[in-house]
Amino acid sequence: MITVTIYKHSGQYRGFRCEGHAGYAEEGYDIVCASVSSAAYLTANTLTEIVGAKADIKVEEAYLKFILKDKLEEAQAHLKGLRLHLESLAGDYDEYITCKTETV
């Protein structure tokens, strides 16, 4: 199962963590894993490369953690969009992905 945690602090989204394998299909054919990965990387790349935000990023096998260090206001719509997208996926594929928001 993929677990997604969206981080919030003082009412603002600060980042996210995605970890695990969906197990929906074999590697290379897992649409749930591909959907989560694509959304997470799109958000991280947009915030760092387009918005110009600095972030602490950790990437490992089946793991991505992204925490913003600046440009919080500019990032809110992107992170809210990511949350909505992943919550929708979790609703459709609840056996393979869980999405939660954590206040830090």
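The values are calculated or read from the model by the stated rules, or taken from the named source; none is laboratory data. Predicted, not measured: the structure shown is a model, and the values here were computed from it. Note that each Cβ is placed from the backbone with ideal geometry, even for glycine, and that neighbours are counted across all protein chains shown. Ligands, DNA and RNA are excluded from the accessible area calculation, which covers all protein heavy atoms including side chains. Shrake-Rupley method; radii C 1.70, N 1.55, O 1.52, S 1.80 Å.
Of note:
- Unique residue being within 14 Å of the chain's Cα centre (by Cα) and without any contact (Cβ under 8 Å) to a residue 12 or more places away in the chain when the list is Ser10, Ser38: Ser38
- Test set (1) outside any helix (DSSP H, G or I); (2) open to solvent by 80 Å² or more (accessible area, probe 1.4 Å) - Glu74 fails condition number: (1)
- Looking only at residues in the stretch 77-99 that are hydrophobic (A, V, I, L, M, F, W, C) and in contact (Cβ under 8 Å) with a residue 40 or more places away in the chain, the one that is surrounded by the most Cβ atoms within 10 Å (Cβ to Cβ) is Leu82.
- Within the set Leu64, Leu72, the sole residue that is more than 15 Å from Met1 (Cβ to Cβ) and within 13 Å of the chain's Cα centre (by Cα) turns out to be Leu64.
- Within the stretch 47-85, being out of contact with any helix residue (DSSP H, G or I) (no Cβ under 6 Å at 6 or more places or on another chain) and closer than 26 Å to Gly28 by Cβ holds for Ile57, Lys58, Val59, Glu60, Glu61, Ala62, Tyr63, Lys65.
- Test: residue in the stretch 21-43 that is assigned to a strand (DSSP E or B), modelled with pLDDT of 95 or more, open to solvent by less than 80 Å² (accessible area, probe 1.4 Å) and closer than 13 Å to Thr5 by Cβ: no
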